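Data first, discussion second: the structure below is written as structure tokens.
The values are calculated or read from the model by the stated rules, or taken from the named source; none is laboratory data. In this text the structure is predicted, and so the values were computed from the model without any measurement. As a convention, Cβ positions derive from the backbone with ideal geometry for all residues, glycine included, and neighbour counts pool all protein chains shown. Quick note on the areas: whole protein, heavy atoms, side chains included, nothing else; ligands and nucleic acids left out. Shrake-Rupley method; radii C 1.70, N 1.55, O 1.52, S 1.80 Å.
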Amino acid sequence: MKLTKVSLSIVSLLLLLVTGLSGWTGSAAAEANSGKTYIIGTDITFAPFEFQDVNGNYVGIDLDLLDAIAKDQNFKYEVKPLGFNAAVQALESNQVDGVIAGMSITDERKQKFDFSEPYYQSGVVMGVRKSNEDIKSYEDLKGKKVAVKTGTAGFSFAESIASKYGFTLVPFDDSTQMYDDVKTGNSAACFEDYPVLRYGVYSQNNGLKIVTEMEKGGSYGFAVSKGRNQELLTKFNAGLANLHANGEYDKIKAKYLGDDTKVAPLGRWELIQQSLPALLKGLGKTLLYTIVSLFFAFILGLIFGFMKVGRNRFLRGVATVFVDVFRGIPLIVLAFFIYFGIPQALGFTMPLYLAAILTLSLNAGAYITEIIRGGIQSIDAGQMEAARSLGLPYGKSMMKIIIPQAIRIMIPAFINQLVITLKDTSILSAIGLVDLTQSGKIIIARTFASFDIWLVVAIMYLIVITILTKISSHLEGRVRRG
């Protein structure tokens, strides 16, 4: 009974602390003092429509249009750079008020979303490696692999002709990965929206070339959830009409699709120097999320670890279910469920930082529970019996005799869990968490320097993990020596 009360108290404290973190990043603030601030989801790797410039600002045709329309219609907005798939899922689960991400208006999407008036007419083209002279048409793709980006018009078009021309699809989450797969020769070609591939080929020198005429494609539109945020949709349409009328729309389009929009290539060292501030910022967030998540995971581990070694069969069962559930679900599935699934089912919005901490804490908490259980049960049962025979109560025997010995055994496993959780933060980039990995992806989307940026990211992870491991090993040695 005493253990149960202590457990409930700790859980209450945990909830209070989590609740108290509201406003940590400010990303979830839906209301401002001067009126509503709309949360707009977008892609981050879809130049020239949305990408990050060298100063860390999110720019592109879509974002410049949104900014101009917001000024014209006098409303405030906050951009959430999530990636295309995550942005669409966030809109479905009402985590954002609208999405602008080069999103094609299709009949299927109209079932779930309300679209603005079309603001850009696009079409699909095929790209191949710049040095490839063998593939010039769809007929040359027979028996080959073709890279596509999931959820895009290029994916739909490739899927519609795959059986006719005998090629297989290799899906990717962003354009940069898709281009890299073609450049490395794993895929023979890719399908992409014409303005995007044109900007990559002629302005960013992405290593590809366009080999087909543009297929007739769909139109891009700004989207809100079906039946929601109609006032935002009305403002967007009114602002768009004004931009067409005053010529601002044409200026924005020409800024990114004009003939003089080539991006000057950077030297390797210059690129690294320019990228380091963003990467270090991402690294800081990685460490912050790791430390906060492990703090809560340790509390969960303590609660359920003691429940698993306790004498109450019901509590042992509850702890076993906790471990089985959160150790059995893949981390990325758990992240999607917490960030997209639960808010959609229950009708509320969840801040991204809270979803990330919950995901990491629950996952790590399950493993720490087993570490604590294993550490306690590794102590010879005779020591507990000896303590009880001397008249010590169960709790005191645990705290004075068993736990101090068990901690020494647990330390290596705790260090291992620290390293695993730090690396697991990279998986959460799938729901839009801008950690070190996501920061690297955003830079690569602008520069296409995959080798240089991934090398720097890998070295940064290696340095941090090595330092943490050495510090932890030093502490372990001190604890063992008493």
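Which count do you get for residues in the stretch 307-347 that are of a type outside the set (A, V, I, L, M) and more than 20 Å from the chain's Cα centre (by Cα)?
Residues flagged as of a type outside the set (A, V, I, L, M) and more than 20 Å from the chain's Cα centre (by Cα) within the stretch 307-347 amount to 14.
Just checking, does the stretch 367-377 include any residue being out of contact with any helix residue (DSSP H, G or I) (no Cβ under 7 Å at 6 or more places or on another chain), within 14 Å of Gly305 (Cα to Cα), open to solvent by less than 60 Å² (accessible area, probe 1.4 Å) and in a helix (DSSP H, G or I)? Break it down into steps so the answer makes sense when it comes.
Filtering the stretch 367-377 for residues out of contact with any helix residue (DSSP H, G or I) (no Cβ under 7 Å at 6 or more places or on another chain) gives 374.
Imposing the further condition that a residue be within 14 Å of Gly305 (Cα to Cα) reduces the set to 374.
Narrowing further to those that are open to solvent by less than 60 Å² (accessible area, probe 1.4 Å): 374.
From the residues that got through so far, the ones that are in a helix (DSSP H, G or I) too are 374.
Looking for residues that are out of contact with any helix residue (DSSP H, G or I) (no Cβ under 7 Å at 6 or more places or on another chain), within 14 Å of Gly305 (Cα to Cα), open to solvent by less than 60 Å² (accessible area, probe 1.4 Å) and in a helix (DSSP H, G or I), one finds at least one in the stretch 367-377, hence yes.
Do you know which of the residues in the stretch 388-401 that are more than 17 Å from Arg311 (Cα to Cα), assigned to a helix (DSSP H, G or I) and not hydroxyl-bearing (Ser, Thr, Tyr) is least open to solvent (accessible area, probe 1.4 Å)?
Ile401
Can you list the helices (runs of 4 or more DSSP H) lying wholly within the stretch 146-258 that have 3 or more residues being under 18 Å from Ile105 (Cβ atoms) and open to solvent by 20 Å² or more (accessible area, probe 1.4 Å)?
Because the criterion is at least 3 residues that are under 18 Å from Ile105 (Cβ atoms) and open to solvent by 20 Å² or more (accessible area, probe 1.4 Å), the helices (runs of 4 or more DSSP H) in the stretch 146-258 that meet it are 153-165, 230-246.
Taking the stretch 338-359 only, how many residues are out of contact with any helix residue (DSSP H, G or I) (no Cβ under 8 Å at 6 or more places or on another chain), in a loop (DSSP other than H, G, I, E, B) and surrounded by 15 or more Cβ atoms within 10 Å (Cβ to Cβ)?
Final tally of qualifying residues: 1.
Yes or no, residue by residue, for (1) assigned to a helix (DSSP H, G or I); (2) farther than 19 Å from Leu271 by Cα; (3) modelled with pLDDT of 85 or more:
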position: Ile442; (1), (2), (3): yes, no, yes
position: Ala458; (1), (2), (3): yes, no, yes
position: Ile463; (1), (2), (3): yes, yes, yes
position: His474; (1), (2), (3): yes, yes, no
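Name the residue, out of Leu302, Leu271, that is modelled with pLDDT under 90 and assigned to a helix (DSSP H, G or I). Write out each step before concluding.
Numbers: Leu302 fails: modelled with pLDDT under 90.
On inspection, the qualifying residue turns out to be Leu271.
Quick check: anything in the stretch 347-357 in contact with a Pro (Cβ under 7 Å, 6 or more places away or on another chain) and in contact (Cβ under 8 Å) with a residue 40 or more places away in the chain?
Yes, the stretch 347-357 has at least one match.
Say whether the condition of being more than 30 Å from Gly207 (Cβ to Cβ) and surrounded by 17 or more Cβ atoms within 10 Å (Cβ to Cβ) is met by at least one residue in the stretch 435-455.
Taking the stretch 435-455 and keeping what is more than 30 Å from Gly207 (Cβ to Cβ), we get none.
There is no residue in the stretch 435-455 that is more than 30 Å from Gly207 (Cβ to Cβ) and surrounded by 17 or more Cβ atoms within 10 Å (Cβ to Cβ).
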